[in-house]
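Engineer: Would you mind keeping the following structure in view while I ask a few things?
The values are calculated or read from the model by the stated rules, or taken from the named source; none is laboratory data. For clarity, every value in this text was computed on a predicted model and none was experimentally measured. Neighbour counts run over all protein chains shown; Cβ positions are idealised from the backbone, glycine included.
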């Protein structure tokens, strides 16, 4: 496994035989990000069990087998979601992570791929509360993380506006039930079936934006975590991307804490117009998200990078050229998380780079572009956990969108040994896991 160091920060990344892995120590606990692509099997069950077993082998070695907190399963066939859900339930049992099932065909032709995030104890206690299939809580060192997911079935007669508004209300209620406010949300994902399709006289993605803008109105996101240098509105980092069928799946991460050393800074990109300032020609209500959310706790920084495409200022670039669009998207990410941009936002010393990425997702509009886009990403990102799926990007002319999570450390932390092993207190409330997401 190759070790990457930035300042005193060390991250190990590797990929081999369908498994991608990145490990990083943050705030005195270990985080493991892994992806699994099946290497054997013809049926969904065979491929799922192969991927899960490969993932299990790696996570056991990293002492995180029973501490997977969230997971995303990408599926080629929407009709196989229920079958896959049961396979996942049977495999994890009481240790089931909050799991999103996203109907996006895999670029390599497999029936599914799995992305997982686990934690291991460092110098502080870690508590995992598995509330339901829709919500898992992680608590450590005065921080409470909420990971949630909800899906609105495509059979609903509601359009994209009402589906989005209802789902956001349900997520707010879900979080409130565990003492977390919606203004503490730092990252969201919106997987919308038929995202660029017409809806009445407009477009489904524009209706999603309108609902999000209405719901976010007057919410003071992360007000208690902001630096005084921050100017302009603050919104969570986000990805809005297409999916098969007509479902809407929404995921969110929220952070609640009374610690006074936590900084959550919404980042904008000097190469791009802020999405919330887009002209009305792009959407009646501009997209309410930040280009990234930079979260620091002591010397450690996590950068949640929103879906990023080949856009400079507010214009789509390199029309029809998938390779050039991929380079442009990566250039945008590089500028977004650079030392210059972090310094511009009042966070000097926290800059990162493409090497600092610990995980990525690459959404590709045309399957035939996959080999070319893969080659660019392999060249510029190297070995790391990454998923490549086929999906419509929010603008029809955009051929690729990339998101990720990056890390940096501003100064060395005192040396300490990390305790590995099952040092977790798990909470599984009654009643146990619901039979089916609501």
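Engineer: Just the residues that are surrounded by fewer than 19 Cβ atoms within 10 Å (Cβ to Cβ) and modelled with pLDDT of 95 or more, please, taken from region 356-389.
Structural biologist: 366, 367, 368, 371, 372, 374, 375, 378, 379, 380 - these are the residues of region 356-389 that are surrounded by fewer than 19 Cβ atoms within 10 Å (Cβ to Cβ) and modelled with pLDDT of 95 or more.
Engineer: Name, by its number, the condition in (1) buried (at least 17 other Cβ atoms within 10 Å of the Cβ); (2) touching a residue at least 40 places away in the same chain (Cβ under 8 Å) that does not hold for residue 223.
Structural biologist: The one condition residue 223 does not meet is (1).
Engineer: So if I check each of 204, 246, 251, which one is buried (at least 16 other Cβ atoms within 10 Å of the Cβ) and under 19 Å from the mean Cα position of the chain (by Cα)?
Structural biologist: Selected residue: 251, the only one of 204, 246, 251 that is buried (at least 16 other Cβ atoms within 10 Å of the Cβ) and under 19 Å from the mean Cα position of the chain (by Cα).
Engineer: Considering each residue of region 120-132, count those that are crowded, with 21+ Cβ neighbours inside 10 Å and at pLDDT 95 or above, and give that number.
Structural biologist: 2
Engineer: Exactly one of these conditions fails for residue 84: (1) surrounded by 21 or more Cβ atoms within 10 Å (Cβ to Cβ); (2) closer than 15 Å to residue 43 by Cα; (3) touching a residue at least 60 places away in the same chain (Cβ under 8 Å). Give me its number.
Structural biologist: (3)
Engineer: Of the residues that make up region 31-40, is at least one in a helix (DSSP H, G or I), at pLDDT 95 or above, touching a helix residue (DSSP H, G or I) at 6+ places or on another chain (Cβ under 8 Å) and buried (at least 23 other Cβ atoms within 10 Å of the Cβ)?
Structural biologist: Checked against the condition, which is being in a helix (DSSP H, G or I), at pLDDT 95 or above, touching a helix residue (DSSP H, G or I) at 6+ places or on another chain (Cβ under 8 Å) and buried (at least 23 other Cβ atoms within 10 Å of the Cβ), region 31-40 yields no hits at all.
Engineer: Could you list all residues from region 302-319 that are more than 20 Å from residue 351 (Cβ to Cβ) and touching a residue at least 24 places away in the same chain (Cβ under 8 Å)?
Structural biologist: The answer is 307, 309, 310, 311, 312, 313, 314, 316, 319.
Engineer: Are any residues in region 41-65 in a loop (DSSP other than H, G, I, E, B) and modelled with pLDDT under 95, and if so, which ones?
Structural biologist: Answer for region 41-65, where residues must be in a loop (DSSP other than H, G, I, E, B) and modelled with pLDDT under 95: 62, 63, 64, 65.
Engineer: Residue 301 fails exactly one of the following numbered conditions: (1) farther than 25 Å from residue 212 by Cβ; (2) out of contact with any strand residue (DSSP E or B) (no Cβ under 6 Å at 6 or more places or on another chain). What is the number of that condition?
Structural biologist: (2)
Engineer: Run down 331, 369 and say which single residue is more than 19 Å from the chain's Cα centre (by Cα), in contact (Cβ under 8 Å) with a residue 12 or more places away in the chain, closer than 24 Å to residue 14 by Cα and part of a helix (DSSP H, G or I).
Structural biologist: 331
Engineer: Also, I was wondering about something else. Going by the structure shown, is residue 280 closer than 25 Å to residue 216 by Cβ, out of contact with any helix residue (DSSP H, G or I) (no Cβ under 6 Å at 6 or more places or on another chain), assigned to a loop (DSSP other than H, G, I, E, B) and without any contact (Cβ under 8 Å) to a residue 60 or more places away in the chain?
Structural biologist: When the stated conditions are applied, residue 280 passes them.
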